[in-house]
Amino acid sequence: MVVQKQLMKRLPKELWRRILTFGFAVEIGNVRKTSKFGYSITMDLLSGRFAIGIDKKVVTVDAESGKILCIFTAHRDKILHCGFSYSGERIITSSCDKKCRIWDAEGYLHLSLGHYGTVFAGTYSNDDKQIVTTSYDTYIRFWDICKGQLMTTLAGHTSAVTCCCFSHDGTMLLTGSYDQTAIIWDLTERKNDKFSYKRVLKGHTYWINSVNFAADDSLIVTGSSDHTAKTWDVHSGNVRNTFVGHSEWIWTSSFSSDAKRIVTSSIDRSARIWDAHSANLIHILQHEAEVSSSSFTSDDLRIITGASDNRIIIWDSY
């Protein structure tokens, strides 16, 4: 791995921070090849680590030094998502091999959970006691981590469920789907072992690839293959703003912690920072390849983007 510290003139100087370039040579039998990024890069702010899904492997990296901490094979097929538990003690991965798996930081497998189809995403509840997984099989599954058992299965989408997240207060679950809708599930009421809809959000014209709550849970942002992101009012289900500017699919969309800005990433080789209230474009963050991941750090001072050119870029966000 090479850490490039020289300033690149093509990048906006006021936003440049540090570039980490990864050129992993992965041994697969007798075949040696250079790996590309998978679909997910995440950072655990408590320990200052990245977890990166690269093909079938997970790589953990120290964010400050750029040192590789651990590499392990996690799945038999491509990893689509990886993330940390809230405590930072566990890594969750989901894959085209129809599995969601839980690991410790050294790559020891703790739990393997299954679906009937590709598992697009898995996320921890705020207390780290439950996991929700979403799949191509259209189902949403709740799992008890301590027991390793399926708690309940939700059916509401009519096509593959691509993404999910819990509200910060733990009372809602948000899911997005190929069926062009997002669903807000009410976790405070349970009938016949099932949770009910709170809202169904309709307005996108193609797949929804990303969903996230604002910190106060009053707003939602969705990113779609229709090249737009949208913000929604949680209580009314109405669209607040539509963010237009990307020329290709949007992979990820998320709020800053104060909910004043949104960052999106796209196949069009850019990440973009938007004013969440006016929908005006603030900055374009350019990569050389598809940008598969983007997020603010918890203090909102940095933005982390990752792309299929094997680069993570850490930007000053102001």
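Ordering ASP226, ASP258 by accessible area with a probe of 1.4 Å, largest first, what comes out?
Details: ASP226 30, ASP258 70 Å².
Putting ASP226, ASP258 in descending order of accessible area: ASP258, ASP226.
Taking all protein chains together and a 1.4 Å probe, the residues LEU150, LEU173 rank LEU150, LEU173 from largest to smallest accessible area. Shown here is the pair-distance distribution of region 134-224: with all Cα-Cα distances grouped in 10 Å bins from zero up to the longest one, the shares run 17, 51, 29, 3 percent. Checked against a 18 Å cut-off, the cross-linked pairs LYS78/LYS99; LYS57/LYS99; LYS57/LYS98; LYS99/LYS191; LYS230/LYS260 give Cα-Cα distances beyond that limit for LYS99/LYS191.
As a calculated quantity, the FRET efficiency between GLU189 and ASP309 at R0 = 45 Å, using C-beta atoms, amounts to about 0.45.
Label reach from SER247 (point 7 Å along Cα→C-beta): in region 279-298, amide nitrogens under 15 Å belong to 284-291. Each label was represented as a point 7 Å from its Cα along the Cα-to-Cβ direction; for ALA289 and TYR197 these points are 4.0 nm apart. Taking the accessible area of region 185-226, probe 1.4 Å, and keeping the other protein chains in place, the carbon and sulfur fraction comes to 44%. Counting only protein heavy atoms and a 1.4 Å probe, region 170-304 has 40 square angstrom of accessible area per residue.
The values are calculated or read from the model by the stated rules, or taken from the named source; none is laboratory data. Bear in mind the structure is a predicted one, so any value in this text is a computation, not a measurement. No Cβ is skipped: glycine too gets one built from the backbone with ideal geometry, and neighbour counts run over all protein chains shown. Surface accessibility is based on the protein's heavy atoms, side chains included, excluding ligands, DNA and RNA. Shrake-Rupley method; radii C 1.70, N 1.55, O 1.52, S 1.80 Å.
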